[in-house]
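A short worksheet on the structure shown next.
The values are calculated or read from the model by the stated rules, or taken from the named source; none is laboratory data. As the structure is a computational prediction, the values presented were derived from the model and not from experiment. Every residue, glycine among them, receives a Cβ derived from its backbone with ideal geometry; neighbour counts consider all protein chains shown.
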């Protein structure tokens, strides 16, 4: 049934497609009751920093991650990278592993299949949500989910529309719609916006275009259902106070009051308090989680807290005493760390 829905959706409008998904959801809601977490339902995001295999793909620029590269990216280093990723995922919470994880900077389906088989996280039995992109650098977004806790109803790669004045292609947004315990629906958008490489101001229009696009998609859902539960996550390559997020995505602080059918940035107040997810001269909070108002004032699932996962063993201490994420490699030098980004985890509690 879901396969048929995906085929027909190509010829439907966005609103009509949402209505069709709701119809199929209702038909299947009585089957295979989803598990209720022992405590909170966890949504995470992690930029894993260039998770590449060792095989040359002529279609992308993966030369840095081949055995003959300066990094000497071989099987041993690739397997170590998988082990490091799994170690972080397993340590995101002391009691349970996240039920849904958005990922950035993965190369392909193969590395995802290798990752979910890692012993540290194998018991979570993660399923993979991924649609191949055509990014020149070969880095893509994806998601892992635990099918006992999240029933995937629809998966879509959303191509970002941008002004004709902007050159180059923007990475697609991965949209996943699914059910959690109680047959409540979550709309999840996994993002990796354009980097600041080439200059912050020069690349800013691309991130603003991404903010406009995502706001339009969120508004389409909220127009259909003002109480829709939306989670927007990703490496946005901007801070919560930058215009791409405040003026284009239009996501502010929930501390300023929560209005219906709006978006709120759970990362903003953490950033203002000095926290961050990556370090360059100072802490930046590029890896953000933004939610719709229904997850802040809902009667069932609602936001408990958002935290940055920051264990001491994930960090490298500089000579001046400051710590930053311990990355895998940089400038052709191999360090064997975890990632240049720290993950974030959103906890959703239920009144049921």
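Observations on the structure shown:
- Some residue of region 7-30 being closer than 30 Å to residue 348 by Cα, touching a strand residue (DSSP E or B) at 6+ places or on another chain (Cβ under 9 Å), in a loop (DSSP other than H, G, I, E, B) and modelled with pLDDT of 95 or more: no
- Inter-residue pairs, beta-carbon under 6 Å, first in contact (Cβ under 8 Å) with a residue 60 or more places away in the chain and in region 222-242, second part of a helix (DSSP H, G or I) and crowded, with 19+ Cβ neighbours inside 10 Å, 6+ apart: 224/18; 227/294; 228/221; 228/222; 229/294; 229/295; 230/218
- Subset of region 336-352 [out of contact with any strand residue (DSSP E or B) (no Cβ under 6 Å at 6 or more places or on another chain) and modelled with pLDDT of 95 or more]: 336, 337, 338
- Among the residues of region 157-184, those identified as in a strand (DSSP E or B) and either more than 15 Å from residue 220 (Cβ to Cβ) or without any contact (Cβ under 8 Å) to a residue 40 or more places away in the chain (or both) are 157, 174, 176, 178, 179, 180, 184.
- Residue check for residue 81: buried (at least 21 other Cβ atoms within 10 Å of the Cβ) and assigned to a helix (DSSP H, G or I): yes
Residue-wise test of (1) within 25 Å of residue 40 (Cβ to Cβ); (2) more than 21 Å from the chain's Cα centre (by Cα).
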{"site": "295", "(1), (2)": "yes, no"}
{"site": "298", "(1), (2)": "yes, yes"}
{"site": "309", "(1), (2)": "yes, no"}
{"site": "327", "(1), (2)": "no, no"}
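- Taken over region 324-333, the criterion of being touching a residue at least 24 places away in the same chain (Cβ under 8 Å) and either in contact with a strand residue (DSSP E or B) (Cβ under 6 Å, 6 or more places away or on another chain) or surrounded by 12 or more Cβ atoms within 10 Å (Cβ to Cβ) (or both) is satisfied by 324, 325, 327, 328, 329.
- Filter pass, residue 121 being touching a strand residue (DSSP E or B) at 6+ places or on another chain (Cβ under 6 Å) and within 18 Å of residue 47 (Cβ to Cβ): no
- Between 282, 349, the distinction of being surrounded by fewer than 16 Cβ atoms within 10 Å (Cβ to Cβ) and within 24 Å of residue 211 (Cβ to Cβ) belongs to 282 only.
Per-residue answers, yes or no, for (1) over 18 Å from residue 289 (Cα atoms); (2) within 18 Å of the chain's Cα centre (by Cα):
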site	(1), (2)
159	yes, yes
163	yes, no
167	yes, no
174	no, yes
191	no, yes
210	no, yes
213	no, yes
231	no, yes
243	no, no
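- Extreme residue, modelled with the lowest pLDDT, among residues of region 163-174 that are buried (at least 19 other Cβ atoms within 10 Å of the Cβ) and touching a helix residue (DSSP H, G or I) at 6+ places or on another chain (Cβ under 8 Å): 170
- For region 44-63, the candidate set comprises residues that are out of contact with any helix residue (DSSP H, G or I) (no Cβ under 7 Å at 6 or more places or on another chain) and in a loop (DSSP other than H, G, I, E, B); within that set, the residue that is surrounded by the most Cβ atoms within 10 Å (Cβ to Cβ) is 62.
- Scanning region 243-266 for residues that are in a loop (DSSP other than H, G, I, E, B) and without any contact (Cβ under 8 Å) to a residue 60 or more places away in the chain yields a count of 9.
- All positions within region 142-169 that are touching a strand residue (DSSP E or B) at 6+ places or on another chain (Cβ under 9 Å) and within 20 Å of residue 97 (Cα to Cα): 142, 143, 144, 145, 146, 147, 149, 150, 151, 152
- Here the condition is being under 30 Å from residue 349 (Cα atoms) and either touching a residue at least 60 places away in the same chain (Cβ under 8 Å) or exposed (fewer than 12 other Cβ atoms within 10 Å of the Cβ) (or both); of 289, 308, it holds for 289 alone.
- Subset of region 267-288 [out of contact with any helix residue (DSSP H, G or I) (no Cβ under 7 Å at 6 or more places or on another chain), part of a loop (DSSP other than H, G, I, E, B) and either at pLDDT 95 or above or under 24 Å from residue 101 (Cα atoms) (or both)]: 267, 273, 274, 275, 276, 277, 286
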